[in-house]
Amino acid sequence: AVLRKPRGPFAMLVASLAGATIAAGALYLYTTRESSPAKIAESKRLFRKKAYEASLAAATEACQLAADGSQHRTALLHLAALHHAMNRFDDSLATLDKVEAVVTDDLDLVPLLHARAEVLEAADRPLELAAEQLARARDVRRRASGPESMEAAYAAFNLARVLTLQLQKAEDAAALLQQAESLVLEAHGIALAAGDATQAATFVDEILELLTADSAACATASQLRAAYLEASGEEWSPKPLDVLIVGAGASGVGMGILLTKVFRLRPQRVLLVERGGGVGESFLRWPREMRFISPSFNQQGWTK
């Protein structure tokens with residue numbers, strides 16, 4: 001069959017419809033590219049390519065293009081995450097404050113509160129500030145899903161983890177330890193009742209990994225080991241180290257800080273060993289003229 005061009009009025013109608021279709025398609029493509037979700041996707045692509053400032057600009061534009069409250073909240077959370085990833089912690093926290101200002105549903109607060117706790121922890125702010133956010137998130141989850149729900153279990157565990165991290169710097173460590181123990185056993189019990197023994201064991205395992213080996217934590221560790229055995233059927237044992245750094249000189253200390261502060265490895269999984277009497281022992285044996293190489297480094301207390 002030979003296709004022929006339509007003629008007369010019909011040809012004009014076909015041409016008109018084709019023109020309208022092309023125009024509609026172009027408009028669709030334009031609005032799709034300029035929508036808030038599209039800008040968020042563009043921002044993520046740019047970030048993966050390490051075009052950080054361009055990624056930030058696209059995220060900011062996504063906030064401006066948001067068509068409704070849900071899109072605006074999503075765009076702001078993405079922008080806050082970008083600031084966090086770029087170590088602009090104050091900007092991230094300020095953006096999260098804007099998110100809270102537009103939240104109307106309690107459940108929408110949960111990702112915001114978790115994000116704020118994560119930023120506070122990454123920024124080395126007092127851990128009690130992060131704990132406050134996670135305590136609020138726990139209250140919301142318990143009200144919304146019930147105190148025996150798995151959502152409540154995860155919320156209890158998240159709070160227990162931050163409280164356990166506080167132990168090393170807290171004045172009233174005993175009270176914090178007791179609270180953390182109660183929360184993780186609560187999470188463990190809920191998971192067991194829900195038939196998820198694997199998750200129950202994971203809750204306990206995570207906290208045991210964080211506990212220090214001091215005498216104050218021994219009783220808690222003993223109870224948690226028993227809870228782990230109940231859930232898993234196996235005795236608990238510490239996981240192997242992720243990294244062992246030999247030598248606590250400039251390179252060793254720097255690598256330890258890089259791994260734990262920048263790459264966010266758990267400090268409990270990174271071990272720094274030094275054959276001398278303490279950190280920076282090698283600097284005590286440096287000739288005086290060698291100290292000229294890094295004068296600021298040698299002003300640290302542990303190099304004297």
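The values are calculated or read from the model by the stated rules, or taken from the named source; none is laboratory data. Everything numeric here is computed off the predicted structure, so don't read it as measured data. Here the Cβ positions follow ideal geometry from the backbone for every residue, glycine too, while neighbour counts run over all protein chains shown. The area values use the complete protein model at the heavy-atom level, side chains included, leaving out ligands, DNA and RNA. Shrake-Rupley method; radii C 1.70, N 1.55, O 1.52, S 1.80 Å.
Key figures for this structure:
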read-out	value
Some residue of the range 12-20 being among the polar types (S, T, N, Q), out of contact with any strand residue (DSSP E or B) (no Cβ under 8 Å at 6 or more places or on another chain) and modelled with pLDDT of 90 or more	no
Close pairs from the range 269-281: first farther than 26 Å from residue 239 by Cα, partner surrounded by fewer than 18 Cβ atoms within 10 Å (Cβ to Cβ) and of a type in the set (Asp, Glu), Cβ under 9 Å, at least 6 apart	280/274; 281/274
Residue ranges of helices (runs of 4 or more DSSP H) in the range 170-268 with at least 2 members open to solvent by 80 Å² or more (accessible area, probe 1.4 Å)	173-193, 218-232, 250-257
Whichever residue in the range 223-277 is out of contact with any helix residue (DSSP H, G or I) (no Cβ under 7 Å at 6 or more places or on another chain) and polar (S, T, N, Q) and, among such residues, is nearest to residue 211 (Cα to Cα)	237
Among the residues listed as 230, 274, 234, the single one being closer than 24 Å to residue 179 by Cα, among the acidic types (Asp, Glu) and at pLDDT 75 or above	230
Selection status of residue 135, of a type in the set (A, V, I, L, M, F, W, C), without any contact (Cβ under 8 Å) to a residue 60 or more places away in the chain and closer than 30 Å to residue 196 by Cα	yes
Helices (runs of 4 or more DSSP H) (entirely within the range 47-120) containing at least 1 residues that are of a type in the set (A, V, I, L, M, F, W, C), open to solvent by 50 Å² or more (accessible area, probe 1.4 Å) and over 22 Å from residue 158 (Cα atoms)	52-65, 89-102
